[in-house]
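Reading through the structure tokens given below for one structure.
Bear in mind that the values in this text are calculations on the coordinates, not laboratory data. Treat the numbers as computed from the prediction; the structure is a model and nothing was measured. Glycine gets a Cβ as well: all are built from the backbone with ideal geometry, and neighbour counts include every protein chain shown.
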Amino acid sequence: MVLKELDFSLPKLVLAFLGLLFGVVPYAHAAGSISIDNLQAAVQTLNFLESLPKGGPVSVGVIYASEIANSQQLAAEAVKAIGTMRGPNNREVQAVGISIDDLSRYAGHLDVIYLLIGASNHSDAIVTAIRRLRAVSISDDPACETTKCCVLLVRSGQRVEITLNSALADAAGARFSMVFMMVVKRT
Amino acid sequence: MNSSFPSSLRVHPSTCLRWIAGLAVAFSASLLHGQAIDYGALEQLFREPVTTSVNGSPQRVSDVPATMEIITADEIRRSGAKDIAGVLRHVGGVDTLEWGNDNIDVSVRGYDQAVPARLLVLVDGRQVYQDDFGYTPWSSVPVELGMIRQIEVIKGPNTALFGFNAAGGVINIITYNPLYDNVDSLSTAGGTQALAAGSAVATHRFGNRAAMRFSAGGDSNNDFSTPIPVSEDTTSRLHQYRDAADIDTVIRLRGSMLLDFEATHSDAKLNEMSPSYQLSNALHGNDSVQAKFSAEGRMGLLQANAYTNWSRDAVNLGSIGAVLHLNDRLTVVQLQDIFKLGAHHILRAATEYRYTTEDTTSTTGGNVHDNVVAVSGMWNWTITPNLSLTNALRVDHLALGRSGSVPPGYPFTNADWNRSFTPPSFNSGLVWKVNDANSIRVTASRGIELPSLVDNGARLLNLIGYSTSGTPYLNPTVVTNYEIALDHAFSGQHLLFRGSAFHQHSADVRAITGGLIVGPAGPYSLPSNIGSSDANGLELGFRGKFLDNYRWSVDYRPERIEDHFVPSAQNGADFTDYQHTTPVHLLKANLGWANKACEFDGYLHYQSRSAGIQVAGLAGGLAPLNGFASVDARFACKAPSRLTWAVSGQNLTQASQHQTVGPAVERRVLGTISFHF
């Protein structure tokens, strides 16, 4: 009986493993968990954003793709985590979750747009928002580099890798310190 | 010791102010915004130190096209050392010769000797290496351990960035910037050898516009009491002391243009091994003023720097019966611009002027000086996201000169000093990041070591039956270095391997004797170029962490040196030998543990059998030195949180141990109380 159950479950396990390996998990419409390290590194890059308004709290919009099942929950987690972090000169960081569907109607002030996994599939909406809100988009989703919707791709793995999209930074009116631009990769 | 400076030789701070202010105005039209390097914020972001010491532009240490070590403030504190040279003793690939309690000579990749000339030492880019004898008297470096953010050790030549004497390596000590870093600490220490020491560092910000850092410290101690070998015993040991102070003011001008003024002072008295391997009593006094300006704009990152160092040294030569009074002045003006060209190119253009002057001693009346004008450039090309190439080139034009009187019967006239050199130097490096875990570097570099002012003629001793002089006819030593290196990260961030293989060729090696010229008043002994030297070596290092609280590192450097000296200079006869005095095997290891309240570190130093130079008659000779292992350790706890109690010791396993052919090194234990507020 047990052997029969194993026979039954083994192909699924292998498929799931292969799926994980090649990024085509059967539950492809669910995102993983957020990375606190990546969020922390993203907030720390703001120390080098010279165009950031000098006073008041730093406003971060956490953008999630509503078609992804657990994205709203991940956005809530990211908002909570970002809210505990400190910005440049120990400034408060205020975060709010925004669905990609609501982004075009968002009327508040944002300094930063943080893109969760999947949001970069809506690159047109994001780039439009960046231009309208004059906000810097940051993500740890490598897809955003391909879709050209993140000013900064910030990933913290074996080492912290940061890629700056100079053209998009110009479009967002973002100005980073020269030292920062010399240390990061640029596209 | 002469502590007064002729007014004609001074550069008044007000002159520097006017110069810098003029420069600021000249460039302000194109400067929109700027930021000097905030090392702390960059290190926090990238989780690794950032440096500008390899090619002038800011780089993560894992990206630099050079083999380097960065000793962080945390590692400095945990070293348990009482001074900078003591910290360097624990660093892989760094050679130390500990002649006394305050006298450690430091070099990298071998080639250590008494008064080593191949290692250029700077504090925030300002040279503290002294051009008189051509070395760094560590006791007089005006830096407290508590004000150091990081010590950067670059292995191999880097003349293309820093200029002359960065021939074997560079140590750049980076201090905290009061504009970005809040550092306030008091510490006091006491220990064996009657050590009493105190140190204070304080920073204060005046809004967002200005900040100031003040530091002061001093210590007093007895030298070791171990017997001095007969050949080195020319004078009795004196009680040693050191005092130093530094004040640094950073002003944020319009936008974020920064202006930085710094003044330093230090005095030190110590027993010091002389270049002729005899123990001498030395007094070192140093003063400096410096003004720096930095700004960003359409033109890039612009930096201007001007400083003057005055040094006053008095060296009692003991049995020779003479005291050398060395008063030299170094003035440097530097201007550089670093800018990006497109997304893949970083360029640096720089120019520099240097003036060094020193009066002759002990026969007075003459003055030896040199003027250097240098231009340099650097090009960093990111060929692909994982492959980058850096090329740096520098050309220095040095004009030597002498003025004043010459003693009767002197074999030279001032016209003999009308010589010039225009040596080029370069650094080239290819860095290939194979993947997140592996990185390969291939580098080649050429560095220049100038003859010291003493060897160039500032030393002029006319004694009965013995005359010695410097000479203008020495060639600079040229060091070329080739290496290939691999960094590999195992299993996450917990184990890192760094390895490099290097070949180094030194042409026109210099010795303090070997030359002879006969003038109307008799013969003069002169320094000379004695040949070349080749080194081949490996640097293998592992460092890792385990069980959250533990860290460890092992660095092993096998190295073989072959000297190709003229027959009369073989085996240290001219007080220079590297083949026999550099240990073939050098190993450093560290095991550390820490929790929230306490920390412990143990350090092992092992080096294989080698030799040392000792005086044999009027010449030098080699004396054997057995291999040895020594252990250092530190244990510290915080109680309460702002107060740290520490006990540390060096050479703990033996009461005394022969680590050089000089006096044996004694066990040292010190207790330190530090208050951070």
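Worth a mention:
- Fully extending the segment from B:PHE206 to B:TRP381, taken as 0.36 nm per residue of separation minus the present Cα-Cα distance, adds 59.0 nm.
- Residue list for the range B:295-322, given a label point 7 angstrom along the Cα-to-Cβ vector of B:LEU463 and an amide N cut-off under 15 Å: B:315-322
- Stretchable slack from B:HIS344 to B:HIS397, in nm (0.36 nm times residue separation minus alpha-carbon distance): 15.9 nm
- Dipole of the protein assembly as shown, positive direction: furthest Cα of A:GLY32, A:ALA171, B:GLN193, with charges on the beta-carbon: A:ALA171
- Spin-label zone in the range B:266-294 - amide nitrogen under 16 Å from a point set 7 Å from the Cα of B:ALA194 along the C-beta vector: B:269-271
- Derived scalar couplings ³J(HN,Hα) [the range B:201-211; Karplus, 6.51 cos²θ - 1.76 cosθ + 1.60; whole Hz; x for Gly, Pro]: 9, 9, 10, 8, 9, 10, x, 9, 8, 8, 8
- Distance between the 7 Å Cα→Cβ label points at B:PHE675 and B:PHE635: 2.5 nm.
- For the segment B:42-51, counting C-beta atoms of other chains within 10 Å of every residue's C-beta and taking the mean gives 5.
- Of the trypsin sites (Lys or Arg not before Pro) in the range B:221-302, the ones in a loop by DSSP (not H, G, I, E or B) with at most 10 other beta carbons within 10 Å are B:ARG298.
- Counting every other Cβ atom within 10 Å of each residue's Cβ, B:TRP138, B:TRP99, B:TRP552 order from fewest to most as B:TRP552, B:TRP138, B:TRP99.
- Spin-label pair B:HIS564/B:ALA437, simplified geometry with 7 Å Cα→Cβ offset, distance in nm: 4.2
- Residue order, fewest to most surrounding Cβ atoms within 10 angstrom, among B:THR384, B:THR357: B:THR384, B:THR357
- Partner shielding of A:153-162 amounts to 4, given as the average count of beta-carbon atoms from other chains within 10 Å of each residue beta-carbon.
- Along the range B:494-500 the Karplus relation, 6.51 cos²θ - 1.76 cosθ + 1.60 evaluated at θ = phi - 60°, assigns HN-Hα couplings of 9, 8, 10, 10, 10, x, 8 Hz to successive residues, with x for each Gly and Pro.
- Selection of trypsin sites (Lys or Arg not before Pro), the range A:82-114, meeting DSSP coil and at most 13 other Cβ within 10 Å: A:ARG105
- For chain B, the 222 nm mean residue ellipticity estimated from helices alone, with every DSSP H stretch of n ≥ 4 adding -39500 (n - 2.57) and the total spread over all residues, rounds to -1500 deg cm²/dmol.
- Sparse-neighbourhood loop sites, trypsin sites (Lys or Arg not before Pro) in the range B:157-216 - DSSP loop, at most 13 other Cβ within 10 angstrom: B:ARG209
- Here the Kirkwood formula puts the hydrodynamic radius of chain B at 25.6 Å, using every distinct Cα pair.
- P(r), alpha carbons of the range A:36-186 - 10 Å bins starting at zero, rounded %: 12, 47, 36, 4, 0
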